[in-house]
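A short worksheet on the structure shown next.
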Amino acid sequence: MRKFPSFFSLRAFEAAARQGSFALAAKELHLTPSAISHQVHGLETYFGKPLFERLTRRVELTADGKQLLGGLSRAFDLIESSCADLSLPEETESLAVHCTPSFASKWLGPHLPHFMHEYPLITIRMSSSADPIDLIQHEEIDIAIAYGSAKERSGVIIEALGTEVIAPLCSPKLLKGSAEIALNEMTHFTLIDSQLSPVTWQNWFDLHGLTLPDKPRLSFDRGSLAISAALNGLGVSLESTRLAKQEIASGELVQLGKTTFRPLAREMHFVCYRAARRNSRKIKAFRDWLFSQTEIV
């Protein structure tokens, strides 16, 4: 006979440790907070040592609790993965993908026909919002593509979707000649801010040793809107050339100082999925396809 405490108490402990809250663990497991507390207390009695520090609105793991969580997380991941292997063939299932509206419209949407051609039996269910999503809280989402940064969470794998060139982009209608302009000419343009971007005009001007002009700028809360504003000749947008790939390829937008300005490259998008599902065929197919497409860019 295997010797370990009640599985229910272990499950309650793991949920509370992962969520950092008895209340959130109770919500996840469809129990009451007092039931979670009772299960955890039983586990602490079994081991003869505290596993949590009870704070006002949350709980924190003790050193012993962290040790137990490390082993349990691996064990629960294996259980979940083994159960998934016995489910219906995943290539006939739907794949829920969540990302920002700009990434969905400017990059993922135009590329999806290629994925659908390669994997015709996988149905994509797309959702988008500017707010980051927590895969631990939203189990209905299979893959999330975070923008700017991704919060580290136990049980979630986070991979940067390559580096992106962040460059000043504008309509050729704003130029009198070549896009290879002098640095000091940048101060003459109307600048367009992308509010959610972690890379700002201040970063760009600092990189080039220039003073950011103290004059009004346009501002948008979506990268796609900032790109659209530049496309319409409203000014210069500091945006990812990955998101503006189609407009640059068609000549509707040009990259200022492409060969003369200092390059600015950052990791901007991050692929997130649960560690327990890393071998899921549909998730692995979509993850591998994403990286194959970004290598082409």
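Using only the Cα atoms of the stretch 193-297, construct the convex hull and provide its projected area averaged over every direction, in square nanometres to one decimal.
Mean orientational projected area (the stretch 193-297, Cα hull): 8.5 nm².
Run the simple label-point estimate for His38 and Phe291 please: 7 Å along Cα→C-beta, distance reported in nm.
Label-label distance for His38 and Phe291, simple model: 4.7 nm.
Could you check how many percent of all C-alpha pairs in the chain are farther apart than 34 Å?
39
What are the ³J(HN,Hα) couplings of the stretch 165-172, residue after residue, when phi is run through the Karplus curve with 6.51, -1.76, 1.60 and θ = phi - 60°? Round to Hz, x for glycine and proline.
So the Karplus estimates, Gly and Pro as x, are 7, 9, 9, x, 10, 8, 6, x Hz.
With every protein chain present, what is the per residue accessible area of the chain (1.4 Å probe, Å²)?
Accessible surface, normalised per residue, equals 54 Å².
For Leu218 and Arg281, compute 0.36 nm times the residue count separating them, minus their Cα-Cα distance, and round to one decimal in nm. Provide the component values of the computation, followed by the final result.
Numbers: separation 63, 0.36 × 63 = 22.68 nm, distance 4.42 nm.
Extra length from Leu218 to Arg281 when fully extended: 18.3 nm.
222 nm [θ] for the chain, helices only, -39500 (n - 2.57) per DSSP H run of 4+, per residue, to 500?
Computed mean residue ellipticity for the chain: -11000 deg cm²/dmol.
What percentage of all Cα-Cα pairs in the stretch 1-77 are separated by more than 18 Å?
Roughly 31 percent, rounded to a whole number.
Could you work out what % of the accessible surface of the stretch 173-255 is carbon and sulfur, using a 1.4 angstrom probe and leaving DNA, RNA and ligands out of the count?
Values: 2120 of 4150 Å².
Exposed carbon and sulfur together represent 51 percent of the surface.
Report, in listed order, any pair from Lys176/Lys258; Lys106/Lys258; Lys176/Lys245; Lys173/Lys215; Lys27/Lys284 with a Cα-Cα distance greater than 27 Å. The partial results should precede the final answer.
Values: Lys176/Lys258 17 Å; Lys106/Lys258 21 Å; Lys176/Lys245 23 Å; Lys173/Lys215 22 Å; Lys27/Lys284 29 Å.
As for pairs spanning more than 27 Å Cα to Cα, those are Lys27/Lys284.
Highest mean first, how do 280-292, 148-160 rank when packing is the count of other Cβ atoms within 10 Å averaged over residues?
For the peptides 280-292, 148-160, the packing ranking is 280-292, 148-160.
With +1 on each Lys and Arg Cβ and -1 on each Asp and Glu Cβ, how big is the dipole of the stretch 198-285 about its Cα centre, in debye rounded to the nearest 20?
Dipole of the stretch 198-285, to the nearest 20 debye: 840 debye.
Among DSSP bridges having both ends in the stretch 152-297, what percentage is antiparallel? Round to the nearest 5. If you can, show how the numbers build up before the last one.
Values: 14 of 19 bridges.
So the antiparallel bridges in the stretch 152-297 amount to around 75 percent.
The values are calculated or read from the model by the stated rules, or taken from the named source; none is laboratory data. Everything numeric in this text was worked out from a predicted model, so none of it was measured. Heads up, the Cβs are rebuilt from the backbone with ideal geometry, glycines too, and the neighbour counts pull from every protein chain shown. Heavy atoms of the whole protein, side chains included, go into the accessibility calculation; ligands, DNA and RNA do not. Shrake-Rupley method; radii C 1.70, N 1.55, O 1.52, S 1.80 Å.
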